[in-house]
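Following: one structure in structure tokens, then a few remarks.
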Amino acid sequence: MSSMLYYGFLIAFAAFSLFMRYKRHMKRPTHRTEHWQDTETLANELGLTFSEHSNEHYSGGWIHGTYQDVAINIQDEATFHNRGRSSYVSVATLYEAILDKEHIIDGLEVLPEGLLAKASKVFGAEDIQVGHEEIDKAFIIRANSELDAQRLFASPDVRNSFLTLQNMCSKFHLKDGILTIEYPEGIFQKHNKLLNRIDALVVCAQAIMNHKNSIPDQLPDSKQPVFTAPTEQEQFENTTVQW
């Protein structure tokens, strides 16, 4: 009798496991997230194109087009992780500004200081010091010409916009003519939160491409007061959204 109960339990457990696996496999996103409408509305307001994309694990979106003469591409990426009995989906959204290579210096690469960036120093090109303490401490900068890099960061608009991005997002980089910030969350966000991110990205892209127009006749003293960029939360709280 006890062996019958034991085998019955095993069969029931196996059937339940198969059912749960089938349920997870067949699950599809069936509803739009809370801020889906905000995201679509903002894209329309900025003259950008919004479209949805989905797979069996996640429903996301894609925004692309040109905003203030800067090519923009925003897309979230979902990765499904299956670890035995547990599974989950991790999501990250990449905000990209594609720069006009005719207006940026050759070989320009900018990374925030950090363990990964410092490790890249061992295998990559020499880090350029641009002569502004707050920039040299915050970023690893590379370019084909040290002089061109120093002239780029002689522009206060360039310095301030990079420091703003650093305060808003710790994961960003400029490489191969693409300025990228990354957030560990989906693309569907509140209207003004998403707008702040796009604006900061575009301002930085414009500053890089127009830096020759904003370089002062005399380079500023590196001992001048350090620019303190607002955090994303401060920008979020101070933004008034016009509907």
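Taken along the Cα-to-beta-carbon direction at a fixed 7 Å, the label points for VAL89 and LYS101 span 3.5 nm. Residue separation of GLN68 and SER51 scaled by 0.36 nm, minus their Cα-Cα distance, works out to 4.1 nm of gained length. ASP176 sits among other residues whose Cβ lies under 14 Å from its own Cβ, and their net charge, with Lys and Arg +1 and Asp and Glu -1, is -1. If R0 equals 22 Å, the separation of the Cβ atoms of HIS81 and GLU182 corresponds to a calculated FRET efficiency of about 0.75.
Each value in this text was obtained by applying a stated rule to the coordinates, not by laboratory testing. These figures come from a predicted structure and were not determined experimentally. Cβ sites come from the backbone with ideal geometry, for glycine too, and all protein chains shown count toward neighbours.
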